[in-house]
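The values are calculated or read from the model by the stated rules, or taken from the named source; none is laboratory data. It should be emphasised that the depicted structure is a prediction, and the values quoted were computed from it without experimental measurement. Using ideal geometry, Cβ is built from the backbone for each residue, glycine included, and neighbour counts are taken over all protein chains shown. These accessible areas exclude ligands, DNA and RNA; they are computed on the full protein's heavy atoms, side chains included. Shrake-Rupley method; radii C 1.70, N 1.55, O 1.52, S 1.80 Å.
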Amino acid sequence: MRKSMIEAVDTAPPASAGVIVVGHFPLESGQWISPHSHTHHQLAWTRSGVLGVAVADSYWILPPSRALWLPAGVVHQTGATRDAVLCSLYLDPERCALNWAEPTAVGVDGLLAHLIGHLAREDLADDARLRAEAVVLDLLHPLPTLPIDVPEPVDERVRAVADALLADPADPRSLDAHARSIGVSRRTLTRLFVRDTGMSFDRWRTHTRLRAALPLLAEGRPVSETAHAVGYATPSAFLAAFRRTVGTSPGRYLNGDAVHF
């Protein structure tokens with residue numbers, strides 16, 4: 001997907017009677033906010049569309065069924081793989097009962113979504129706000145996570161291969177073909193891939209394909225179409241790779257059994 005970058009703005013939340021302040025930021029498909037961090041904890045969510053959040057080599061896909069907790073100070077990028085409105089809950093670290101140290105996926109059900117909208121009201125009385133915030137915090141439960149990272153290579157030769165696969169995850173070329181394209185042997189490319197990324201060529205490509213598949217599935221594309229778009233000959237081959245790597249099916253992932261990419 002073609003990306004356009006916008007600068008992060010000062011999103012320091014205003015003073016509030018409670019712990020939580022809600023902000024809304026429209027994002028067009030392919031539009032990303034440049035790397036930034038916050039002085040407050042952030043819960044990133046969208047009521048419609050699909051968000052992506054990147055922290056170093058890790059990448060989360062956020063359909064409306066999930067949100068991502070970002071601890072204060074964590075540098076991240078946020079964007080839309082489909083037109084969305086980033087809904088951010090900012091939580092004061094000094095007063096918040098939650099203090100998760102790592103980015104953490106949480107499920108969003110109808111009650112939590114309603115409370116987020118409720119807390120966005122500007123006419124909400126202080127006592128009503130405090131009661132609603134207490135329920136929000138009770139509803140934030142970590143979902144099972146399984147890191148599926150796509151480390152960025154440093155070696156220029158490995159980066160050339162990685163860039164080709166990131167641009168086209170369905171690229172069918174073998175390791176031998178990629179090695180020839182950059183003028184090295186299969187053995188050399190195998191060694192360089194492990195040294196640079198900590199994983200084999202095949203594993204890195206699988207992670208890349210699965211990461212590319214999630215936005216398509218979250219946008220409602222059929223499994224068969226998605227599988228072909230990211231380089232699998234059959235839906236069953238894609239589903240097997242997804243389950244083997246992620247530990248669940250795409251449907252369960254998108255409906256709340258979260259893992260991160």
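The residues of region 108-157 that are open to solvent by less than 80 Å² (accessible area, probe 1.4 Å), closer than 30 Å to Arg243 by Cα and in a loop (DSSP other than H, G, I, E, B), listed by number, are Val108, Leu140, Leu143, Thr145, Leu146, Ile148, Asp149, Val150, Pro151, Pro153. Within region 184-204, the presence of at least one residue that is among the basic types (Lys, Arg) and either touching a residue at least 12 places away in the same chain (Cβ under 8 Å) or outside any helix (DSSP H, G or I) (or both) is confirmed. For region 240-253, does any single residue satisfy the condition of being at pLDDT 95 or above, out of contact with any Cys (no Cβ under 6 Å at 6 or more places or on another chain) and of a type in the set (D, E, K, R)? There is no residue in region 240-253 that is at pLDDT 95 or above, out of contact with any Cys (no Cβ under 6 Å at 6 or more places or on another chain) and of a type in the set (D, E, K, R). Just one residue in the set Leu175, Leu192, Leu165 is open to solvent by less than 50 Å² (accessible area, probe 1.4 Å), within 30 Å of Trp45 (Cα to Cα) and not polar (S, T, N, Q); that residue is Leu165.
Of the residues Ala212, Ala240, which single one is without any contact (Cβ under 8 Å) to a residue 12 or more places away in the chain and either part of a helix (DSSP H, G or I) or on the phi < 0 side of the Ramachandran plot (or both)? Of Ala212, Ala240, the one residue that is without any contact (Cβ under 8 Å) to a residue 12 or more places away in the chain and either part of a helix (DSSP H, G or I) or on the phi < 0 side of the Ramachandran plot (or both) is Ala240. Going by the conditions given, is Ala97 small (Gly, Ala, Ser), out of contact with any His (no Cβ under 7 Å at 6 or more places or on another chain) and open to solvent by less than 20 Å² (accessible area, probe 1.4 Å)? Judged against the criteria, Ala97 is not a match.
Residues that are within 22 Å of Leu139 (Cβ to Cβ), in a strand (DSSP E or B) and modelled with pLDDT of 95 or more are absent from region 22-38 altogether. Per this entry, Ala227 is counted among residues that are in contact with a Pro (Cβ under 9 Å, 6 or more places away or on another chain), open to solvent by less than 70 Å² (accessible area, probe 1.4 Å), within 28 Å of Gly247 (Cβ to Cβ) and free of Cβ contacts under 8 Å to residues at least 24 places away in the same chain.
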